[in-house]
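This report refers to the structure that appears directly beneath it.
The values are calculated or read from the model by the stated rules, or taken from the named source; none is laboratory data. No experiment lies behind these values; they were computed from the predicted model shown. Heads up, the Cβs are rebuilt from the backbone with ideal geometry, glycines too, and the neighbour counts pull from every protein chain shown. Remember, those area values only see protein heavy atoms, side chains included, never the ligands or the DNA or RNA. Shrake-Rupley method; radii C 1.70, N 1.55, O 1.52, S 1.80 Å.
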Amino acid sequence: MPRRFARLFLISALLLLCACAKRPWPDHLLEVAPGLTLAIQIPPGRWQASDQPPEFLVADMIEHLAHDLEAQGKKVDEAALQDFATKRLAANEHFIFNPVSGAHLDIDFSPLSAGDIAPSRRMVADSARFAADSLIGEEGVTEVNHRVRRERVQGADYAYSLDAAYRKHDVPTRFYGLIGFVRDSWFFFYFTESGKDPEDYPEARCMLRSARLLPTSSR
């Protein structure tokens, strides 16, 4: 790991400890799959939770898709892009976002298909590494430094994190993802900051550290 990136993670860890040492935030209970609830602490005031994607996220995806089509020399149909972006984002069960800065945490639970077998720990770790490769290949993303490591999420069978620092269209940006498996579902918690508010990343990390997966009947 480059020395500069190691220092960045150390600073981030210290900020995270300071942020999470504050009074606990209230629990939010989100239905994420049949019989399964996500309990997560969300700081009041700056963040909103919704089962619908925020408008800024839909607009960002439309812009990204339009750039891809233009690069391929294809016609851009705004109505079709709006429909496609909305449907694509609908794969997520919930969104937690800062409407001022544009930072967002996307929560996706994907149940196994009939006949599929539960993944091994190694398969979950590989999925986190594949996510890193996907990030590196995104348009406008440069200078990616990342780390994948095993994590503990209460209630999950396995979980791994992807922590990345990079430049998006030359703006310093952070990404943090939790990828894991619980019962019969993969889960993907993807946080992307906007580079506009330095409090977003440590608060998002605190939210994810508080995440617990509970049987719905246990509430």
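Kindly establish whether Leu81 is modelled with pLDDT of 90 or more, open to solvent by less than 20 Å² (accessible area, probe 1.4 Å) and either of a type in the set (A, V, I, L, M) or in contact with a Ser or Thr (Cβ under 9 Å, 6 or more places away or on another chain) (or both). No: the conditions fail for Leu81.
Where strands (runs of 3 or more DSSP E) sit wholly within region 128-200, those with at least 2 residues that are in contact with a Leu (Cβ under 8 Å, 6 or more places away or on another chain) and either buried (at least 21 other Cβ atoms within 10 Å of the Cβ) or among the small types (Gly, Ala, Ser) (or both) occupy 158-168, 171-182, 185-192. Pairing each residue of region 132-144 that is in the same structural domain as Ser194 (by the TED database) with any residue that is among the basic types (Lys, Arg) and part of a strand (DSSP E or B), provided the two are 6+ apart or on different chains, yields C-beta distances under 7 Å for Gly140/Lys168; Val141/Lys168; Thr142/Arg167; Glu143/Arg167.
Is it true that Pro119 is touching a residue at least 60 places away in the same chain (Cβ under 8 Å) and in a loop (DSSP other than H, G, I, E, B)? So Pro119 passes the test.
In the set Asp163, Asp157, only one residue is acidic (Asp, Glu), in contact with a strand residue (DSSP E or B) (Cβ under 7 Å, 6 or more places away or on another chain) and without any contact (Cβ under 8 Å) to a residue 40 or more places away in the chain; that residue is Asp157.
In region 196-218, the residues that are under 23 Å from Asp170 (Cα atoms) reach residues that are basic (Lys, Arg) with C-beta atoms within less than 6 angstrom, at least six apart or across chains, in these pairs: Tyr201/Arg174.
Listed by first and then second residue, the pairs with beta-carbon distance under 8 Å, at least 6 apart or on different chains, first residue in region 45-64 and free of Cβ contacts under 8 Å to residues at least 40 places away in the same chain, second open to solvent by 80 Å² or more (accessible area, probe 1.4 Å), are Val58/Gln82; Met61/Arg88; Ile62/Glu78; Ile62/Gln82.
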